[in-house]
1. Just to be sure, is Lys275 without any contact (Cβ under 8 Å) to a residue 60 or more places away in the chain, assigned to a helix (DSSP H, G or I) and not assigned by TED's automatic domain parsing to the domain that holds Asp215?
2. Tell me, please, whether a residue that is within 26 Å of the chain's Cα centre (by Cα), within 16 Å of the ligand (Cβ to nearest atom), outside any helix (DSSP H, G or I) and among the acidic types (Asp, Glu) can be found in segment 341-351.
3. Which numbered condition in (1) assigned by TED's automatic domain parsing to the domain that holds Glu67; (2) touching a residue at least 60 places away in the same chain (Cβ under 8 Å); (3) of a type outside the set (Asp, Glu) is the only one that Gly479 fails?
4. For residues that are over 23 Å from Val31 (Cβ atoms) and either within 16 Å of the ligand (Cβ to nearest atom) or at pLDDT below 95 (or both), scanning just segment 304-339, find the one that is surrounded by the most Cβ atoms within 10 Å (Cβ to Cβ).
5. Of all residues in segment 22-38, how many are closer than 20 Å to Phe306 by Cα, out of contact with any Lys or Arg (no Cβ under 8 Å at 6 or more places or on another chain) and part of a loop (DSSP other than H, G, I, E, B)?
6. So which residues in segment 332-356 are over 28 Å from Asn511 (Cα atoms), out of contact with any Ser or Thr (no Cβ under 7 Å at 6 or more places or on another chain) and not β-branched (Val, Ile, Thr), if there are any at all?
7. Output the residues belonging to segment 219-255 that are assigned to a loop (DSSP other than H, G, I, E, B), of a type in the set (S, T, N, Q) and over 15 Å from Pro308 (Cβ atoms).
8. For segment 496-541, name all the residues that are over 21 Å from the mean Cα position of the chain (by Cα) and assigned to a loop (DSSP other than H, G, I, E, B).
Amino acid sequence: MRKFISIIIFCCFTSFAFCQSTGIPRPKLVVGIVVDQMRWDYLYRYYDRYENNGGFKRLLNQGFSCENTLIPYVPTITACGHSSIYSGSVPAISGISGNTWWDKEKGKTVYCTDDAAVNTVGSSSVGAGKMSPKNLLVTSICDELRLATNFRGKVIGIALKDRGAILPAGHSASAAYWYDPGSGNWISSTYYMNQLPKWVEDFNGKQWVDKFYNDGWQLSHPAASYIQSTDDDKGYESKPFGPKFPYDLKRFIAKDYGKITSTPMGNTLTAEFAKAAIVNEQLGTDNITDFLAISFSSPDYIGHTFGPNSVEAEDGFLRLDKELGSLFDFLDAKIGKGQYTVFLSADHGAAQVPEFLKENKIPAGRAPIMAGIDGINDLLKEKYHLPGLIISEDNYQVHLNHSRIDSAKINEDEVAALIIDQLSKVPGVFRVFSLKDLNIIPLPARLREMINNGYNPKRNGDIQIVLQPQYIEGYSQTGTTHGLWNPYDAHIPLLWYGWGIKQGKTNREINMTDIAPTLAALLHIQMPSGCVGKPIEEVIK
Ligand SMILES: [Zn+2]
């Protein structure tokens with residue numbers, strides 16, 4: 001009997017030891033990197049200028065590149081991109097149908113991460129921290145990691161933009177931090193904590209932004225070497241810092257902390273803060289996988305301001321390459337080479353500046369949608385003697401004032417027909433139709449699917465606008481934007497590197513929504529709750 005018991009004890013001990021020694025194979029840390037407004041072609045446009053020990057060549061040559069990764073919905077904008085990468089879902093299901101949207105139930109415009117019930121932590125800017133993920137209707141892959149580890153794996157989201165930090169990190173995150181342009185501080189909200197950790201306060205105390213302003217923004221290479229970009233002083237660029245390089249930023253010291261976001265130093269600020277988080281939160285130091293979700297917001301601000309073909313964009317990406325190289329060196333030293341997994345993607349791309357295209361004989365333009373809407377509202381007022389029958393225009397959709405139309409007993413289809421007729425005359429408008437007719441009218445399958453995937457009935461409009469290729473919405477005369485179905489907006493980089501990742505590439509068509517299920521497969525955890533993607537098998541060892 002005693003021998004039998006000791007055999008049982010021995011078996012228990014060895015099977016326990018077996019579990020302990022092998023465990024579930026997982027990396028120590030996952031680092032998700034979103035580059036806000038990175039067109040896929042930037043990987044190759046500047047390839048010859050990226051450094052061998054920088055970020056992009058390391059990812060391309062030692063990792064796995066999904067060369068043909070597409071966004072499967074419209075609008076192709078920041079909040080939708082971040083939520084879809086991390087949830088594997090689409091706006092129709094995740095509810096994140098824009099950066100802002102007209103909410104039919106609330107009868108007002110809602111910002112994607114607005115939360116009136118919480119408060120700013122870390123600065124006196126009241127509005128900057130009234131933020132949480134409560135408008136996100138699904139889980140993120142970070143939530144699934146938290147659930148799978150019974151909340152022992154830490155999750156931290158970091159980005160200059162609140163939405164770039166909050167939406168990836170999900171509902172159950174350990175923390176999310178974003179940048180307050182009012183104070184120049186990294187802040188959070190009472191959704192996550194009541195007080196900033198000491199390391200964040202110490203980081204804020206170092207006056208990073210004033211130092212960056214003091215140094216200014218000079219080109220990182222000789223000016224004559226920027227042969228992949230147009231001249232620096234084009235009239236169709238916005239000029240927030242002066243006519244051309246070098247940019248003296250000293251006048252912003254202690255005054256305008258928002259300007260840093262439109263410079264490459266915004267990326268440095270983000271990377272340095274991420275490194276501080278890794279050290280101080282001890283990410284990746286034990287056998288329970290942690291997740292650091294970083295989004296680099298500055299490329300988006302630089303892209304909007306100066307355009308994809310600018311010297312500023314080129315210098316921004318050459319510096320980001322170095323920044324990523326330094327981050328990977330840091331991770332190699334702190335976590336260990338091959339002990340962490342990285343993926344890098346983008347929330348969307350961007351159109352070229354229309355005037356730049358026209359200068360080079362490529363048709364393009366700015367479609368004055370808002371001016372068109374104002375005129376149509378005047379026409380509707382004349383006809384029906386009621387003001388404001390169009391209540392909002394956002395995300396390339398028009399919202400009708402349903403309660404006003406209903407109470408006046410006006411024929412809604414007649415109103416919609418008049419709006420469609422008028423909007424179709426606006427220069428640059430390619431298609432405009434009632435969303436009720438989306439699955440009836442002739443429309444290329446890809447467009448129909450992308451609009452369906454972006455359609456959330458409570459948070460979407462009544463009439464859809466699609467612009468001609470190379471046209472952007474014309475609210476400004478300089479710079480550019482993004483948001484439609486075209487490849488320049490919807491074709492994004494997707495690179496994988498490190499623990500569990502094969503070396504190679506595929507040109508197979510992959511969707512942005514495949515990123516989260518691939519992470520789920522890699523980590524042996526459940527897919528997020530609204531996931532519609534599939535694991536990318538080629539990537540996983
Ligand atoms: Zn943008």
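The values are calculated or read from the model by the stated rules, or taken from the named source; none is laboratory data. Only a predicted model underlies this, so the values are computations on that prediction, with no experimental measurement involved. Quick reminder, even Gly has a Cβ in these numbers, built from the backbone with ideal geometry, and neighbours come from all protein chains shown.
1. Details: without any contact (Cβ under 8 Å) to a residue 60 or more places away in the chain: yes; assigned to a helix (DSSP H, G or I): yes; not assigned by TED's automatic domain parsing to the domain that holds Asp215: no.
Answer is no for this residue.
2. Looking through segment 341-351, at least one residue is within 26 Å of the chain's Cα centre (by Cα), within 16 Å of the ligand (Cβ to nearest atom), outside any helix (DSSP H, G or I) and among the acidic types (Asp, Glu).
3. Evaluating Gly479 over (1) assigned by TED's automatic domain parsing to the domain that holds Glu67; (2) touching a residue at least 60 places away in the same chain (Cβ under 8 Å); (3) of a type outside the set (Asp, Glu) leaves (1) as the failure.
4. Restricting to residues being over 23 Å from Val31 (Cβ atoms) and either within 16 Å of the ligand (Cβ to nearest atom) or at pLDDT below 95 (or both), the top hit is Phe306.
5. Total satisfying the criteria: 2.
6. Scanning segment 332-356 gives Asp332, Ala333, Lys334, Gly336, Lys337, Glu355.
7. Ser220
8. Trp499, Gly500, Lys502, Gln503, His524, Ile525, Gln526, Lys541
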